[in-house]
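Single-structure report; data block below.
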Amino acid sequence: MESPLIREAHLLEQGIQALNSLLGPEWQVTQRPNKSKVFDALLEVRAEGDSTFTQLLVEAVRAVPPRFVMERLVPRVQLLREVNHYTNLLVIAPWISSQARELLRQNGIAYLDLTGNVGIRVSRPAIIIHTVGAEKAPRSAPRESSRTTLAGPKAGRLVRLLADVPPPHRATDLHRVSTLSLPYVSRLLDTLEDQLLIRRQGRTITEVDWAQLLRARAQETSLLSHGSYRGVLAPNGVPALLQQIPQLSTEYVDGLSVTGSYAAQRFVQVAVGGQLMLYVASWLNVDDVADDLGLLPVTDGADVLLLNEPDSFVRRRAEFVDGVQYVAPSQAALDCLAGPGRMPAEGEALLEFMERHPEKWRASKNNGETRPVQH
């Protein structure tokens, strides 16, 4: 097994090669002696035949969580600029998340990852490079903190609780309400803190960036993953189908919930119509639902998608409107952000509405939804 020093040296070598390729043959990238050892390398970059050059102090790291950016890199670059305004900091990593890249840009720190996400802006000599690589971490990339990620239905439960109910929260309360194991909850909270999606004082969660949390969760999942849904056609149209659902048995009415575009359109109107997406609860069979509702199987042109419910928590805080169950705004936003076509734009519009009107969807701060029961 390679030691961390060997891995970082290999990463540094790959990063310098990538920088050389981006600049082209008219530029020279020279690695200078790094006497201080505070940074991983000192690079001198100049155009061929030009006497002016810039220095790049390089930090080569396996992972760049947002918390690392704010607590380690930003103080370093601020101190660096007090000493020499023309020396710049370059972060090289296998992959850098969009949130970390945004924080690096805001603080004037250059970055380069091996998937092609590059942001370098130097004033003397003038260098501006901006390229986009992978939005999701490749399988080969190391995780930013623990191995616990925002993927999977268990993470979905915790995300929904943190989004829907304002803090303060404690891990033990989230464990109790979500029925997830306490070690899992603790590991995921550590990950969220590294990504600056939550902030804690001691063991208490005091702040939640719920909008960014929903976006981060959506990046780790796909609404229409392979085999998770069935496309059908409503012969009398979607409006007629929505009128038909309340006439079904309680088992059906409680087990079908609208998500996606139609759920978002209760609050925002980005476009009209779209596919009707219905979560089908575990006690119902998708094929039986299609037959009982008179829906026709099609290979193309489906106007209704029946989705196997990944977890009962998708119905948490759902509301009935005219006898039809609609998922909560936070779940609708998540599903739109993780959906195809125009759905992410609908998700962003819904997030804007939710930020303006928290009273229309978020629990009251002291309603006890994640607090221990008082005896």
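Numbers for the structure displayed
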quantity: Residue list for region 340-351, filter: surrounded by fewer than 24 Cβ atoms within 10 Å (Cβ to Cβ) and of a type outside the set (A, V, I, L, M); calculated: P340, G341, R342, P344, E348
quantity: Test: G49 is open to solvent by 20 Å² or more (accessible area, probe 1.4 Å), closer than 30 Å to W210 by Cα and in a loop (DSSP other than H, G, I, E, B); calculated: no
quantity: Residue under evaluation A100, criteria (1) open to solvent by less than 70 Å² (accessible area, probe 1.4 Å); (2) within 28 Å of R139 (Cα to Cα); (3) in a loop (DSSP other than H, G, I, E, B), criterion not met; calculated: (3)
quantity: Every residue from region 157-177 that is in contact with a Lys or Arg (Cβ under 7 Å, 6 or more places away or on another chain) and either at pLDDT below 95 or not aliphatic (A, V, I, L, M) (or both); calculated: R160, D164, P166, R170, D173
quantity: Within region 202-247, tally of residues that are under 28 Å from S98 (Cβ atoms) and of a type outside the set (G, A, S); calculated: 18
quantity: Check on G231, closer than 28 Å to V321 by Cβ, buried (at least 16 other Cβ atoms within 10 Å of the Cβ), in contact with a helix residue (DSSP H, G or I) (Cβ under 8 Å, 6 or more places away or on another chain) and not β-branched (V, I, T); calculated: no
quantity: For E102: the one exception among (1) touching a Leu at 6+ places or on another chain (Cβ under 9 Å); (2) without any contact (Cβ under 8 Å) to a residue 12 or more places away in the chain; (3) more than 21 Å from L11 (Cβ to Cβ); calculated: (1)
quantity: Any strands (runs of 3 or more DSSP E) falling wholly within region 242-343 and containing at least 3 residues that are under 21 Å from L224 (Cα atoms) and out of contact with any helix residue (DSSP H, G or I) (no Cβ under 6 Å at 6 or more places or on another chain); calculated: 304-308
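The values are calculated or read from the model by the stated rules, or taken from the named source; none is laboratory data. All values derive from a computational prediction rather than experimental measurement. Don't worry about glycine lacking a Cβ; one is built from the backbone with ideal geometry, like all the others, and counts go over all protein chains shown. For accessibility, only protein heavy atoms count, side chains too; no ligands or nucleic acids. Shrake-Rupley method; radii C 1.70, N 1.55, O 1.52, S 1.80 Å.
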